[in-house]
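Peer 1: Here's a structure for you.
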Amino acid sequence: QHYSRKQWIMLMATLPVTLLILFTGYILRGDSTGFSAGMIAEAILLDLPLIGQPINNLLFSITDNGMKRIYVNHIVGFCLLWGWLAWSHVRKYRVSFNNHIVLTTSILLFSVFVAAPFEPDHLGVTYISGPWFLVGLQELLRYFSPMFAGVFVPSTLLLAIALLQKRNHYYRSFLTFIFCWLFIYAILTAIGLLR
């Protein structure tokens with residue numbers, strides 16, 4: 001399927017919005033780990049010069065407003081934004097349950113037999129783990145500044161995905177970069193999960 005540059009960038013922008021939906025859901029689970037993750041995210045944003053405070057006020061603002069802003073963003077804001085960004089892609093794809101029986105059954109069985117870990121066993125004062133999809137980022141934050149690990153590194157992946165179109169002369173280079181980035185992130189995630 002061929003996308004215009006604008007459609008491709010909008011579809012690519014659904015990735016960070018999806019991560020925000022997942023992350024705000026993680027914060028809203030209501031336990032100490034979720035609350036700590038929200039406070040860490042707020043601290044990272046506030047560490048960014050110039051843009052940190054306005055972005056924190058828009059997305060989190062846990063210190064000033066508790067969970068209200070996160071709840072509204074999770075339920076309304078991010079879902080509407082994701083729908084708008086993905087609309088040109090979603091409206092072309094017709095979903096039929098018969099095409100997804102294996103996937104639906106697998107997800108159902110997984111959710112029935114594998115309990116969600118609401119409080120990790122090794123949670124404590126010295127160890128706070130983020131959601132599984134951000135463990136690699138958490139591991140990067142151990143070694144680098146929030147600006148580098150939390151903004152620059154994820155932005156390189158998003159930029160490479162945004163520029164990844166077959167008509168682009170550097171298509172193979174971007175594809176190689178994306179695979180290498182994901183491989184390194186998987187290694188960092190494994191290291192973080194083994195702590």
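Peer 1: Can you say whether ILE44 is of a type in the set (Val, Ile, Thr) and touching a residue at least 12 places away in the same chain (Cβ under 8 Å), as far as the supplied structure shows? Full working, then the answer.
Peer 2: Working: of a type in the set (Val, Ile, Thr): yes; touching a residue at least 12 places away in the same chain (Cβ under 8 Å): yes.
When the stated conditions are applied, ILE44 passes them.
Peer 1: Sticking with this one: Got a sec? Which helices (runs of 4 or more DSSP H) wholly within segment 1-111 have at least 3 residues that are among the hydroxyl-bearing types (Ser, Thr, Tyr)?
Peer 2: Answer list for segment 1-111: 5-27, 32-47.
Peer 1: Another one. So which of THR189, THR156 ends up being of a type outside the set (A, V, I, L, M), under 14 Å from the mean Cα position of the chain (by Cα) and closer than 19 Å to LEU20 by Cα?
Peer 2: THR189
Peer 1: Okay, moving on. Among ALA41, ALA37, which is the only one that is touching a Pro at 6+ places or on another chain (Cβ under 8 Å) and open to solvent by less than 30 Å² (accessible area, probe 1.4 Å)?
Peer 2: The unique qualifying residue is ALA37.
Peer 1: If you go through segment 161-195, how many residues are in a helix (DSSP H, G or I) and out of contact with any Ser or Thr (no Cβ under 9 Å at 6 or more places or on another chain)?
Peer 2: Residues that pass the stated criteria total 21.
Peer 1: Can you tell me which residue among GLY66, GLY124, GLY130, GLY136 is surrounded by 11 or more Cβ atoms within 10 Å (Cβ to Cβ), of a type outside the set (Lys, Arg), out of contact with any strand residue (DSSP E or B) (no Cβ under 7 Å at 6 or more places or on another chain) and modelled with pLDDT under 80?
Peer 2: Just a single option satisfies the conditions, and that option is GLY130.
Peer 1: Here's something else I'd like to know. Mind listing whichever residues of segment 20-34 are more than 19 Å from GLY77 (Cβ to Cβ) and in contact (Cβ under 8 Å) with a residue 24 or more places away in the chain? Break it down into steps so the answer makes sense when it comes.
Peer 2: Residues of segment 20-34 that are more than 19 Å from GLY77 (Cβ to Cβ), as a first pass: 30-33.
Across segment 20-34, the qualifying residues are ASP31, SER32, THR33.
Peer 1: Suppose the filter is polar (S, T, N, Q) and touching a His at 6+ places or on another chain (Cβ under 6 Å); does THR18 pass it?
Peer 2: no
Peer 1: Sticking with this structure for a sec: Looking at this structure, is THR24 within 20 Å of LEU80 (Cβ to Cβ) and hydroxyl-bearing (Ser, Thr, Tyr)?
Peer 2: So THR24 passes the test.
Peer 1: Quick one: in segment 139-150, of everything that is part of a helix (DSSP H, G or I), open to solvent by 40 Å² or more (accessible area, probe 1.4 Å) and under 11 Å from ILE44 (Cβ atoms), which residue is modelled with the lowest pLDDT? Don't jump to the end; show me each part of the working.
Peer 2: Taking segment 139-150 and keeping what is part of a helix (DSSP H, G or I), we get 139-143, 146-150.
Restricting the remaining residues to those that are open to solvent by 40 Å² or more (accessible area, probe 1.4 Å) gives 141-143, 147-148.
Still in the running and under 11 Å from ILE44 (Cβ atoms): 141, 147.
Details: LEU141: 86, MET147: 82.
Checking each candidate, the answer is MET147.
Peer 1: Among the residues of segment 96-103, is any more than 18 Å from PRO131 (Cα to Cα) and either open to solvent by less than 70 Å² (accessible area, probe 1.4 Å) or touching a residue at least 12 places away in the same chain (Cβ under 8 Å) (or both)? Before the answer, list the steps.
Peer 2: Pass one, segment 96-103, residues more than 18 Å from PRO131 (Cα to Cα): 96-103.
Retained after the next criterion (residues that are either open to solvent by less than 70 Å² (accessible area, probe 1.4 Å) or touching a residue at least 12 places away in the same chain (Cβ under 8 Å) (or both)): 96, 100.
The answer is yes, given that some residue of segment 96-103 is more than 18 Å from PRO131 (Cα to Cα) and either open to solvent by less than 70 Å² (accessible area, probe 1.4 Å) or touching a residue at least 12 places away in the same chain (Cβ under 8 Å) (or both).
The values are calculated or read from the model by the stated rules, or taken from the named source; none is laboratory data. On a predicted model such as this, the values are computed, not experimentally measured, just so you know. Cβ coordinates were reconstructed from backbone atoms using ideal geometry, including for glycine residues, and neighbour counts include every protein chain displayed. Just the protein is used for accessible areas: all its heavy atoms, side chains included, with ligands, DNA and RNA removed. Shrake-Rupley method; radii C 1.70, N 1.55, O 1.52, S 1.80 Å.
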